[in-house]
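Contents: one structure, followed by commentary.
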Amino acid sequence: MLIYAVWCTEGVENQQLKELYVGLMDKYRTHENTKSDYKGSQMVLRGGACMGASRPEGQLTSNLMRQFDYFGMNYPGGFKLLMDESRWKEWKRQNGFGK
């Protein structure tokens, strides 16, 4: 349900809600299923598309990235940033989510 509930948040500007979702990304980005989906996100298919997330934790992370347009880059680039520990920490710091 959480995976689909994220779709309803498009355009939400509530900072507290954004912080909650960044926290969820922190939790699920390290899950083994998300790591597998990350590998698929970096595989370019014919026509320029990529393999999207197919496992629950990867889908959740993927939907969170899309809904808030946090990353300002394409899907593979956003997933790559999220999975790089040092870049992810720096992004959170620059966007007011770092502690």
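The values are calculated or read from the model by the stated rules, or taken from the named source; none is laboratory data. These numbers come from a predicted model, not from an experiment. Cβ sites come from the backbone with ideal geometry, for glycine too, and all protein chains shown count toward neighbours. Keep in mind that these areas ignore ligands, DNA and RNA; they rest on the heavy atoms of the full protein, side chains included. Shrake-Rupley method; radii C 1.70, N 1.55, O 1.52, S 1.80 Å.
If you scan region 51-77, which residues turn out to be small (Gly, Ala, Ser) and either farther than 17 Å from LYS27 by Cβ or in a loop (DSSP other than H, G, I, E, B) (or both)?
Result: GLY52, ALA53, SER54, GLY72, GLY77.
Give region 84-99 a look and list any residue that's in a helix (DSSP H, G or I), open to solvent by less than 60 Å² (accessible area, probe 1.4 Å) and more than 14 Å from LEU24 (Cα to Cα), or say none. Once the filter is applied, which keeps residues that are in a helix (DSSP H, G or I), open to solvent by less than 60 Å² (accessible area, probe 1.4 Å) and more than 14 Å from LEU24 (Cα to Cα), region 84-99 yields only TRP91.
Scanning region 21-50 for residues being assigned to a helix (DSSP H, G or I), without any contact (Cβ under 8 Å) to a residue 24 or more places away in the chain and either among the small types (Gly, Ala, Ser) or touching a strand residue (DSSP E or B) at 6+ places or on another chain (Cβ under 9 Å) (or both) gives a total of 3. Of the set (1) modelled with pLDDT of 80 or more; (2) over 14 Å from the mean Cα position of the chain (by Cα); (3) under 21 Å from PHE97 (Cα atoms), all apply to GLU32 but (3).
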